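**Q** One structure is given below, represented as structure tokens, and several questions about it will come after.
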Amino acid sequence: MTAEDDSTWLIELESAILDGCTPHEINAITKGKKIPESLRPDVWLVCLNCHEMGNQLLMFDEIFDLTNQNELRDNVKKFVRKLDNEDDEKLAVISDIESILTFYCKSKCLTYASNNGWIEILYPLLSLKLPRSDTYNLFDRILKLYIPNGCTPNGVPFHILRLIIQYHDPELCSFLDTKRITPEQYCMPWLKSLFSGTCNLEVVLFMWDLYFQRSDPFFIFFLCLIMIINAREQLLQMKNEDKSTIVQILSKMPSDLEANDVSDFCSLAHYYSLKTPLSFREDVLEVLFSESGLQINSKLYSQALCLPVAVHELIESATVDMADADAVKFFLVDCRPAEQYNAGHLSTAFHLDCNLMLQEPNAFNTAVQGLLNSQRQALAAGSLAAGEHLCFVSSGRTEEDSYAHMVVASFLKKNIKHVSMLDGGFVAIHDYFGPHMTDCLEEHNPSLCLVCAPSNNNDNDVKATINRTRDNIPAIQLFSKLSSAMKAKSQEVKGKLIEYIVNPNSTVGNGEWHISANDRKEQRYRNVPPVFSINDEDEETHSDLRRDFSSADNIDEVVEIQSFLKSQHVVDNFACQEVLSNGYMFDSHLIVTETHLVILREIPNKKGLAKVLSRRPLSTIVKITAKKRHPELITFKYGVPDGDNLLIKDMDRFLIPNAAVATKIVSNQIVSQLDNKLQ
């Protein structure tokens, strides 16, 4: 390409700016090129829509009297001292930054805080050498449009970033989780300053050139993702390094970025953005990047097992032409129990009965291998069911969802990428189709469907129906297209995958099984009903925050397992797996002592060592329950008598191979302790 040809886009860009173009039009002209210094101010003013804002600084009274004005001034001086500018230039920079920040705090009724990234954001803007009013407008728009709300410890943006990391690189995410390293510990400055606090000026200018043209504030999360994934090999080799060393390396990674790397860096971020379900960011975009004052429930993301996908995106993906290589295509995994699946399901879904994981582990492993083989076959054949992204569909009911979570957690533990769950489960699909159920669901039977006939469910625990139907979708056309696509797919799924779909009937007896009253001898708690039973009641929702090792306030008690088991007070012990409410499972030990139930969780990569999670007094155990269908899944409930009732205050749940023996020993020990008190 000649120099003349190479400069054509510059002429076109300059002309477009004069004609009042849009950021999208600028992006189409530049195609990822670096903006020349002469045009950058105008390009940024266009991309940030600053031309109609006027001179807001006319309202500034030039009185510097913030409550922490001295702190602001000292921070500005400290920052400018690091710059390479001449001394007279430094004085001008100090004056401009302090004036802009002071007026911003006053006009927005905000309090200045150190390390909020504002000074770092202003420095690249001042390099444009615009009038102070334009610099202020750019600063105002960047903070409003591009800095996520909630950049505070344990804030929503960091939970969202962790879910994105897990989606694209579960192995790396698991490594960081094991080291108790959360995104906020290394990328707080990245989000607060759009990398301007950690990258050199040339890199920041080029990065912002590309960033502002996209008009996509969520793009910062993919820039962070690439920064982390780029160092995955180095990080995974640091298994023996301490947490602070790894955090320090992560924090400093952006400083190694050079201007020549920026184009590839942003291109990779763009690629990963295309490979991430769109509905996930749509659901949080308005909350993270607006002044609407909307609040988001942090627990929705801090306690999410994996990335959630909205029903409209899942359904629409089934109609996307495979020629569209950039579109996210899902391989649907319906993990409801067999009887629910047979009462209605999407034809494009592979059935993986969540009950198999506990009832028939070998059959479950066979089914999982079949699922992965089928996914590969579908991709190779260009099938309508093909998709690199696994989306698990649960029932949307509390009873089965805990088991579905365990299934999903097992896939994440295998470091399988692109794992998500449908937000709302099958209830959301059912509601989405509404009157078009017959056309869009395979073998739908209203009399057996637990959403159509909730009275069929003994627990009567169908969740509130989720209505996320998008009004801008031409429903009839979509349903018609879905119907033909899914019906065509139906026979293909049944023909190719029948050998992998395993749905054995439950072999567990239907009768009530409970620990004999003889095991409790003659005494019972006064005014308290029998507390040891194996039943199908739904456990109360409980918090796993006590188990959260990411908490900085946790003080770990580490013990050597074998030495602990040899203690004279230990009555018996049982190797088991602790099951959290989100489905995560941890190798653990249940220790029965003369007076307590002690829970040890094994420490990964430290053989023979464990953390003491809790020491539960036996006297606080008021109920031991299990599922008839899964007698190895035991729940210990803790509380106190409350009149004729029980007040449950906490609970633990375990998968115990010798559950019958374990519960009998625990109950006998409780009764023995009670006997001693009554003597």
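The values are calculated or read from the model by the stated rules, or taken from the named source; none is laboratory data. None of the values given here were measured: they were computed from a predicted structure. Virtual Cβ from ideal backbone geometry, glycine too; neighbours counted across all protein chains shown. Accessible surface is based on the protein model in full, side chains and every heavy atom, while ligands, DNA and RNA are left aside. Shrake-Rupley method; radii C 1.70, N 1.55, O 1.52, S 1.80 Å.
**Q** Which of the pairs Lys414/Lys664; Lys33/Lys144; Lys414/Lys607 have their Cα atoms more than 29 Å apart in this structure?
**A** Listed pairs above 29 Å: Lys414/Lys664.
**Q** Tabulate in residue order the Karplus-calculated ³J(HN,Hα) for the stretch 436-451, using 6.51 cos²θ - 1.76 cosθ + 1.60 with θ = phi - 60°, rounded to whole Hz; enter x for Gly and Pro.
**A** The phi angles translate into 8, 3, 4, 6, 10, 10, 8, 6, 6, 10, x, 6, 9, 5, 6, 7 Hz.
**Q** Which entries of Lys78/Lys129; Lys106/Lys192; Lys82/Lys239 show an alpha-carbon separation above 29 angstrom in the structure shown?
**A** Flagged as over cut-off: Lys82/Lys239.
**Q** Next up: With θ set to phi - 60°, apply the Karplus curve 6.51 cos²θ - 1.76 cosθ + 1.60 along the stretch 658-670 and write out the HN-Hα couplings as whole Hz, x wherever there is a Gly or Pro.
**A** Residue by residue, the stretch 658-670 yields 9, 4, 4, 5, 4, 5, 5, 5, 4, 5, 4, 5, 5 Hz.
**Q** If R₀ is 60 angstrom, what is the calculated FRET efficiency for the pair Ile648 and Lys33, using the beta carbon separation as r and rounding to 0.05?
**A** With R0 = 60 Å, the Cβ-Cβ based efficiency is 0.45.
**Q** Taking the Cα of Thr178, stepping 7 Å toward and past its beta carbon, and measuring to each backbone N in the stretch 413-435: which are under 20 Å?
**A** Residues 413-419 fall inside that zone.
**Q** Separate question: If you stretched the chain out fully between Gln369 and Phe564, how much longer would it get, using 0.36 nm times the residue separation minus the C-alpha to C-alpha distance?
**A** Gain on stretching Gln369 to Phe564: 66.3 nm.
**Q** While we're on this one: Given +1 on the Cβ of Lys and Arg, -1 on the Cβ of Asp and Glu, and no further charges, what dipole in debye does the stretch 202-316 carry about its Cα centre, rounded to the nearest 20?
**A** 420 debye
**Q** Which length gain, in nm to one decimal place, applies between Leu10 and Glu233 when the Cα-Cα distance is subtracted from 0.36 nm times their residue separation?
**A** Here the segment from Leu10 to Glu233 would lengthen by 76.3 nm.
**Q** Okay, next question. Between Asn49 and Glu171, what is the label-point separation in nm under the 7 Å Cα-to-beta-carbon projection?
**A** It is 4.3 nm.
**Q** Nothing charged except the Cβ atoms of Lys and Arg (+1) and of Asp and Glu (-1): what's the magnitude of the dipole of the stretch 558-679 about its Cα centre? Round to the nearest 20 debye.
**A** Using only the charged Cβ atoms, the result is roughly 220 debye.
**Q** Under a point spin-label approximation (7 Å from Cα along Cα-to-Cβ), what is the Asn445-Arg132 distance to one decimal in nm?
**A** Calculated label separation equals 7.7 nm.
**Q** Within the stretch 234-259, whose backbone N sits under 15 Å from a point 7 Å along Cα→Cβ of Glu202?
**A** Within reach of a label on Glu202, which here means backbone N under 15 Å from a point 7 Å along Cα→Cβ, the stretch 234-259 contributes 255-259.
**Q** Moving on. Subtract the Cα-Cα distance of Asn342 and Ser107 from 0.36 nm times their separation in residues, and report this length gain in nm to one decimal.
**A** Taking 0.36 nm per residue and subtracting the Cα distance, the gain is 78.5 nm.
**Q** Rounded to whole Å, give me the distance from the Cα center of the stretch 592-631 to that of the stretch 226-284.
**A** The two parts, judged by their Cα centres, are 38 Å apart.
**Q** For the stretch 556-679, what is the accessible area per residue in Å² when the probe is 1.4 Å?
**A** Here the residues of the stretch 556-679 average 45 Å² of exposed surface.
**Q** Using the Karplus curve 6.51 cos²θ - 1.76 cosθ + 1.60 with θ = phi - 60°, work out ³J(HN,Hα) for each residue of the stretch 365-371 in order, rounded to whole Hz, and write x for Gly and Pro.
**A** Calculated HN-Hα couplings, in order: 4, 5, 5, 5, 4, x, 4 Hz.
**Q** Same structure, new question: Would you mind putting 237-249, 442-454 in packing order, based on average other-beta-carbon counts within 10 Å, highest first?
**A** Result, highest mean Cβ count within 10 Å first: 442-454, 237-249.
**Q** Hey, with R₀ at 22 Å, roughly what FRET efficiency would Thr22 and Glu258 work out to, going by the Cβ-Cβ distance, to 0.05?
**A** 0.10
**Q** Ok, one more. In what sequence, highest mean first, do 603-609, 211-217 appear when ranked by Cβ atoms within 10 angstrom?
**A** 211-217, 603-609
**Q** Moving on to the next point. Between Lys607 and Met59, what is the label-to-label distance in nm when each label sits 7 Å out along the Cα-to-Cβ direction?
**A** Distance between the two pseudo-spin positions: 6.7 nm.
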